[in-house]
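In what follows, a single structure is set out as structure tokens and then discussed.
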Amino acid sequence: MTLEATVEAPVRAGAKLGIIDADVHPSMNPAIPGVLRHLPQRWQDYLVHTGLRAGAPGGDRPRHREFASRWDAVPPGGGAPGIDPAFARGQLLDAYDMSAAVLNDIGGFPLSGGMRVPAEFCAAFCTALNTYREEVWFADDPRWYGSINLPYEVPDLAVEEIVRRKEGPAGDRWVQVMLAPDNERGIGHRKYWPVLEACEHYGLPVGFHVLSGRRITPSGPANFYFEEHCDFAGLNFPVIASLVFEGTFDRFPRLTVAMVELGWSWVVPLAWRMDHAHRMMPREVSLQRKPSEYIRDHLWFTTQPMEEPENPRWFDDVLTLFESSGMADKLMFSSDYPHWDFDEPDSFPLSVRRDHDRFGRILGGNASALYGLPLLPGTGYPVG
């Protein structure tokens, strides 16, 4: 058997592949003065009397670093990693010549999920957090974009916040909504239809991100940090199964979903399993298409944390399986800044970086298409 050499398309000198980072985290502790001052006086007084009962961010399970962040992510003036947009800009946007980055607040999940706080406080806190992002981060650099924090267990209030942000002066900077993957009910349940309908109306992807306010893993808290870190994908199966089997994408055919920091290599085997289940029990649910087709057309994924096998060729095999299943346009680069397992563009195997069409899609093209963000000319990863 003769193996034919792969001929790469010529790349002009000085060419660059545009970069969009689909997962960047501001401070993991959102209960900071800059946020809290945007609360109505009623809820500021409430905090004075009751304190913040949603748990201590960064202290809910064993970690080898506070807030799971890089040592060098603490700003020179002090404070938590991710607290200073200008410092983050220098370490990320400027350092890697990025076109855009999407800010995903996950430290607020215990509050946005409505645990142990009044629903009205939950909604007010999300509004305050979003207002702070506009006031501080969006004002810092036009390349910062954001996911809307929602009181997602109170759908009518969640819809009000979506409308407030998208109809507001910074509407074009809000490119996603952010939900935890451990909702009170399966996300396809009719309880959440008003939220999904609003997202479809505004063309907002629904982002699910690891971490939550209710369950850390499907089977209880982990004793070891790395135990939890390897359990992330366990939260995905019920989210996707609920979306598909509840007929969500038939009801909202233009809805898009992003699985953020939840892995991606697991999705093809899950699609096979769901197709098989549907073939065996087709009358239990009413679907217009095969489950794998909904997954292929409606779901996007981020790269970090990537699978890193001892043999880099195995990574290429897994990626080829993912892409050959129709999802070559569904994988988006993410750095997870400022966390310890931060990935830079050079983190990808050489085989991926040498394939400029493939690498360009992952680094920025796929996220540009999903979020409607421009790839700035002459910026990004140099390949020429």
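The values are calculated or read from the model by the stated rules, or taken from the named source; none is laboratory data. Keep in mind it's a predicted model, so treat the numbers as computed, not measured. Heads up, the Cβs are rebuilt from the backbone with ideal geometry, glycines too, and the neighbour counts pull from every protein chain shown. Areas reflect the complete protein model, heavy atoms only, side chains present, ligands, DNA and RNA absent. Shrake-Rupley method; radii C 1.70, N 1.55, O 1.52, S 1.80 Å.
Per-residue ellipticity at 222 nm for the chain, helices alone: DSSP H runs ≥ 4 residues times -39500 (n - 2.57), over residue total, nearest 500 deg cm²/dmol?
That calculation yields -8500 deg cm²/dmol at 222 nm.
So what does Ile148 come to for accessible area, using a 1.4 Å probe and Å² rounded to 10?
That residue has around 0 Å² of solvent-accessible surface.
Does region 263-384 come out rounded, prolate or oblate, given a ≥ b ≥ c as the square roots of the eigenvalues of its C-alpha gyration tensor, rounded meaning a/c under 1.5 and, failing that, prolate meaning a/b above b/c? Intermediate values should be presented prior to the final figure.
Numbers: a/c = 2.31, a/b = 1.74, b/c = 1.33.
Prolate, because a/c is 1.5 or more and a/b exceeds b/c.
Give the relative contact order (percent, whole number) for region 286-384; include only Cα pairs under 8 Å separated by 6+ residues. Numbers along the way, then the final one.
Working: 74 pairs, mean separation 24.5, N = 99.
Relative contact order, region 286-384: 25 percent.
Below 8 Å, C-alpha to C-alpha, sequence gap of six or more: please give me the relative contact order for the chain in percent.
24
Going from most exposed to least, what order do Leu92, Leu47 have by accessible area with a 1.4 Å probe?
Details: Leu92 0, Leu47 35 Å².
The most accessible residue leads, giving Leu47, Leu92.
So how much accessible area does Phe249 have, in Å² to the nearest 10, using a 1.4 Å probe?
For Phe249, the solvent-accessible surface is approximately 10 Å².
Measure off 7 Å from each Cα along the Cα-to-Cβ vector at Arg273 and Val48, then give the distance between these two points in nanometres to one decimal.
With each label point 7 Å from Cα toward Cβ, the separation is 5.2 nm.
Quick one: among Asn223, Asn183, Asn130, which has the greatest mean-square fluctuation in a GNM of the chain with alpha-carbon springs under 10 angstrom?
Result: Asn223 has the largest fluctuation of those listed.
Probe radius 1.4 Å, ligands and nucleic acids left out: which of Tyr202, Tyr371 has the largest accessible area, and how do the rest follow? Show your work: numbers first, answer last.
Working: Tyr202 55, Tyr371 20 Å².
Solvent-accessible surface, decreasing: Tyr202, Tyr371.
Compute the separation of the alpha-carbon centres of region 241-280 and region 65-125 and state it in Å as a whole number.
Value for the Cα centre distance between the two parts: 29 Å.
With r as the distance between the Cβ atoms of Asp250 and Asp317 and R0 = 35 Å, compute the FRET efficiency 1/(1 + (r/R0)^6) and round to 0.05.
Numbers: r = 34 Å, r/R0 = 0.96.
Given R0 = 35 Å and the Cβ-Cβ separation, E is 0.55.
When a/c reaches 1.5 or more, the comparison of a/b and b/c decides; with that in mind, is the chain rounded, prolate or oblate per its Cα gyration tensor? Can you show the working numbers first?
Values: a/c = 1.61, a/b = 1.20, b/c = 1.34.
Cα axes put the chain in the oblate bin.
With a 1.4 Å probe and all protein chains kept in place, how much accessible area does Val268 have, in Å² rounded to the nearest 10?
10
Given labels modelled 7 Å from the Cα in the Cβ direction, how far is it in nm from Glu284 to Ala369?
Distance between the two pseudo-spin positions: 3.3 nm.
Could you order Thr320, Thr256 so the one with the most accessible surface comes first? Probe is 1.4 Å. Intermediate results must be reported in sequence, preceding the final value.
Numbers: Thr320 65, Thr256 25 Å².
Sorted descending by solvent-accessible area, the residues read Thr320, Thr256.
What residue among His201, His38, His209 shows peak mean-square fluctuation when the chain is described by a Gaussian network model with Cα springs under 10 Å?
His201
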